[in-house]
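Structure first, commentary second.
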Amino acid sequence: MESESLTVVDNRTGIEYSIPIVDGAIRATDLGQITGLDGTGLLSFDPAYLNTASCRSAVTYIDGDVGILRYRGYPIEQVAEQAGFLETCYLLLEGELPTPSALDRWSDDVRSHTYVHTNINEFLAGFRYDAHPMGMLLGAVGALSTFYPDAKHISDPENRYLQRVRLIAKLPTIAAYIFRHSRGLPYVLPRNDLDYIGNFVNMTFEIGGRHEPNPVLQRALEILFILHADHEQNCSTSAVRSVGSSQVDPFSAVSAGIAALYGPLHGGANEAVLTMLDQIDDLANVPAFVEAVKDGSAGTRLMGFGHRVYKSYDPRATLVKKVADSVFAETGLNPKLEIALELERIALEDEYFVSRKLYPNVDFYSGLIYQAMGYSREYFTVLFALGRLPGWIAQWEEMLTDPETKIARPRQIYTGVAERPFVPLENR
Ligand code: ACO
């Protein structure tokens, strides 16, 4: 079969170049044979990676034009409906659904690593009472690398497995401690007789040895974790891959992912949605707010709307809406929900949003659900991080085992002064 290629004619020189197309992509390095700036090879310029594949990946498939999301080939709708969170972690990490015995073994491994070193308690105690939970989480996860120096042996698969188990087992414990730190409550130790979600919920909400679990809310939280578990090369995952490509330990690489997730254009969006709903305050203000977003005077975008990849709808948002129904049936209606529904209705009919293909994303309703469950809004992104963790680790592992991986090191187009002589301080 004839191989596919792209023919490029350099109209400065008349020279014709043939650039191979493999897997629907050309290699940016193949452009290097064409003369670019100052006689060096031609660069490709794509500051936000709008049209650049940074890796090959077999973890998650997205078709944003038609709203498809699959984990290892399984449609997100089926995974969210039928799998548990640890089962989803296994699928993402191992590439296959676990057999019952494999799932038991995996769950046991995670269960036996849920405790954290007690010095972590002291580490967390050093944060101010009003420290943002995401700042605490990224600090604490970075600090874990000092508790597990063996984690730097990243070329040993058994060692990587151990660190993967530690991360998935210990993050809920740390996250729950952070939740309680903000309230001045004593930490509740992990209970390994509970399942993964039940244990996390117990560690966050138990008071005086008592906590009445609500199975509907626990399953809702589990589905939200599953919906967030991976989303191919998003900002935080790219951060994990990029930092991990320096061969740093996985705790440090994951803390880079947490830092990226903290931002309001990424994981911080669900917190920002609630702030926006507060700002709107009343159903009657919704039309004026939408107009203000459009003309820029609102000082904000419509948070929870739009997505870099999904240009028809976000399949996770459809599932989140169903979760919202089940949660609000338990907890009663959240007054902010009415404003959110009206905002969605108006935006979906408005030419500005329709023409830009802006639809609700996964974060539009997740914040309202977390709030109804009893989590404070600064904490929402921590919940997102717990869900995204297996995706970060699966992609980190894939990056490390890909023979094409090199340290991530983009090029630049220099726009500064060419060269000038240094001026001594006394002459300036
Ligand atoms: N509200 C109003 N206008 C918007 C919005 C929005 N939420 N999102 C995009 N636009 C407009 C932009 O102003 C731009 O308009 P223009 O063409 O007139 O300049 C156009 O739509 C395209 O926007 P871009 O910024 O180029 O889109 P991009 O793909 O870079 O951004 C993003 C995607 C960051 C998600 C954006 O839609 C946004 O800021 N949304 C709000 C924040 C949010 O909800 N983030 C969560 C993302 S999902 C997640 O992280 C799980």
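The values are calculated or read from the model by the stated rules, or taken from the named source; none is laboratory data. Bear in mind the structure is a predicted one, so any value in this text is a computation, not a measurement. Cβ placement follows ideal geometry from the backbone for every residue including glycine, while neighbour counts extend to all protein chains displayed. Note: accessible area is taken over every heavy atom of the protein model, side chains too, but ligands, DNA and RNA are not part of it. Shrake-Rupley method; radii C 1.70, N 1.55, O 1.52, S 1.80 Å.
Taking the condition of being within 21 Å of V79 (Cα to Cα), hydrophobic (A, V, I, L, M, F, W, C) and part of a helix (DSSP H, G or I), how many residues in segment 217-275 meet it?
So in segment 217-275, the residues within 21 Å of V79 (Cα to Cα) come out as 217-234, 237.
Still in the running and hydrophobic (A, V, I, L, M, F, W, C): 217, 220-221, 223-227, 229.
Those left that are additionally part of a helix (DSSP H, G or I): 217, 220-221, 223-227.
Here the count works out to 8.
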- How many residues are outside any helix (DSSP H, G or I), open to solvent by less than 70 Å² (accessible area, probe 1.4 Å) and either touching a Cys at 6+ places or on another chain (Cβ under 7 Å) or hydroxyl-bearing (S, T, Y) (or both) if we restrict to segment 85-133? 1
- Task: State which residue pairs qualify: first residue more than 19 Å from E378 (Cα to Cα) and inside segment 346-367, second residue among the hydroxyl-bearing types (S, T, Y) in any location, beta carbons under 6 Å apart, and separation of 6 or more residues or different chains.
- Result: Y359/Y313
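Considering each residue of segment 412-428, count those that are of a type in the set (S, T, N, Q) and in a loop (DSSP other than H, G, I, E, B), and give that number. If you could, list the steps in order and put the result at the bottom.
So in segment 412-428, the residues of a type in the set (S, T, N, Q) come out as 412, 415, 427.
Narrowing further to those that are in a loop (DSSP other than H, G, I, E, B): 412, 415.
Final tally of qualifying residues: 2.
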- Message: Among the residues that make up segment 51-61, is at least one of them assigned to a loop (DSSP other than H, G, I, E, B), among the polar types (S, T, N, Q) and within 16 Å of the ligand (Cβ to nearest atom)?
- Response: yes
- Item | Subset tally (residues that are under 22 Å from K406 (Cβ atoms) and part of a strand (DSSP E or B)) for segment 22-36 | 2
- What number of residues in segment 389-418 are under 25 Å from Q163 (Cβ atoms) and either open to solvent by 100 Å² or more (accessible area, probe 1.4 Å) or out of contact with any His (no Cβ under 8 Å at 6 or more places or on another chain) (or both)? 20
- In segment 182-205, residues that are farther than 20 Å from D109 by Cα, open to solvent by 30 Å² or more (accessible area, probe 1.4 Å) and not polar (S, T, N, Q) total 6
- Every pair of residues 6+ apart whose Cβ atoms lie under 9 Å, when the first sits in segment 178-191 and is under 15 Å from F127 (Cα atoms) and assigned by TED's automatic domain parsing to the domain that holds I207 while the second is assigned to a loop (DSSP other than H, G, I, E, B) and among the charged types (D, E, K, R): S182/D130
- Item | Tally of residues being within 12 Å of the ligand (Cβ to nearest atom) and either outside the structural domain of L224 (by TED's automatic domain parsing) or basic (K, R) (or both) across segment 339-386 | 2
- Message: Take the residues in segment 8-21 that are outside any loop (DSSP other than H, G, I, E, B) and without any contact (Cβ under 8 Å) to a residue 12 or more places away in the chain; name whichever of them is farthest from the ligand (Cβ to nearest atom).
- Response: E16
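Given the criterion closer than 30 Å to T60 by Cβ and in the same structural domain as G64 (by TED's automatic domain parsing), identify the matching residue among T331, T318.
Values: T331 fails: closer than 30 Å to T60 by Cβ.
Of T331, T318, the one residue that is closer than 30 Å to T60 by Cβ and in the same structural domain as G64 (by TED's automatic domain parsing) is T318.
Among the residues of segment 282-295, how many are open to solvent by less than 30 Å² (accessible area, probe 1.4 Å) and either without any contact (Cβ under 8 Å) to a residue 40 or more places away in the chain or near the ligand (Cβ under 8 Å from one of its atoms) (or both)? Reasoning before the result, please.
Here is the first cut: in segment 282-295, the residues open to solvent by less than 30 Å² (accessible area, probe 1.4 Å) are 286, 289-290, 292-293.
Filter again for either without any contact (Cβ under 8 Å) to a residue 40 or more places away in the chain or near the ligand (Cβ under 8 Å from one of its atoms) (or both), leaving 292-293.
Total meeting the criteria: 2.
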- Task: Starting from segment 215-230, keep only residues that are under 12 Å from G84 (Cα atoms) and of a type in the set (S, T, N, Q), then list their pairs with residues that are open to solvent by less than 30 Å² (accessible area, probe 1.4 Å) and part of a helix (DSSP H, G or I) whose Cβ atoms are within a distance under 8 Å, requiring at least 6 positions of separation or different chains.
- Result: Q218/I197; Q218/G198; Q218/V201
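Working only within segment 341-360, note down all residues that are in contact with a strand residue (DSSP E or B) (Cβ under 9 Å, 6 or more places away or on another chain) and either open to solvent by less than 20 Å² (accessible area, probe 1.4 Å) or part of a helix (DSSP H, G or I) (or both). Walk me through it before giving the result.
Filtering segment 341-360 for residues in contact with a strand residue (DSSP E or B) (Cβ under 9 Å, 6 or more places away or on another chain) gives 343-344, 347-348, 353, 358-360.
Answer for segment 341-360, where residues must be in contact with a strand residue (DSSP E or B) (Cβ under 9 Å, 6 or more places away or on another chain) and either open to solvent by less than 20 Å² (accessible area, probe 1.4 Å) or part of a helix (DSSP H, G or I) (or both): L343, E344, A347, L348, F353, P360.
Taking Q279, is it at pLDDT 95 or above and either outside the structural domain of Q163 (by TED's automatic domain parsing) or open to solvent by 30 Å² or more (accessible area, probe 1.4 Å) (or both)?
On the way: at pLDDT 95 or above: no; either outside the structural domain of Q163 (by TED's automatic domain parsing) or open to solvent by 30 Å² or more (accessible area, probe 1.4 Å) (or both): yes.
Taking the combined requirement at face value, the residue does not satisfy it.
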- Can you name the residue in segment 320-338 that is within 16 Å of the ligand (Cβ to nearest atom) and β-branched (V, I, T) and, of all such residues, is surrounded by the fewest Cβ atoms within 10 Å (Cβ to Cβ)? V323
- Message: Among the residues of segment 65-84, are any assigned by TED's automatic domain parsing to the domain that holds S238, surrounded by fewer than 17 Cβ atoms within 10 Å (Cβ to Cβ) and either touching a Cys at 6+ places or on another chain (Cβ under 6 Å) or at pLDDT below 95 (or both)?
- Response: yes
- Task: Output the residue which, of all residues in segment 296-319 that are more than 11 Å from the ligand (Cβ to nearest atom) and not in a loop (DSSP other than H, G, I, E, B), is modelled with the lowest pLDDT.
- Result: T318
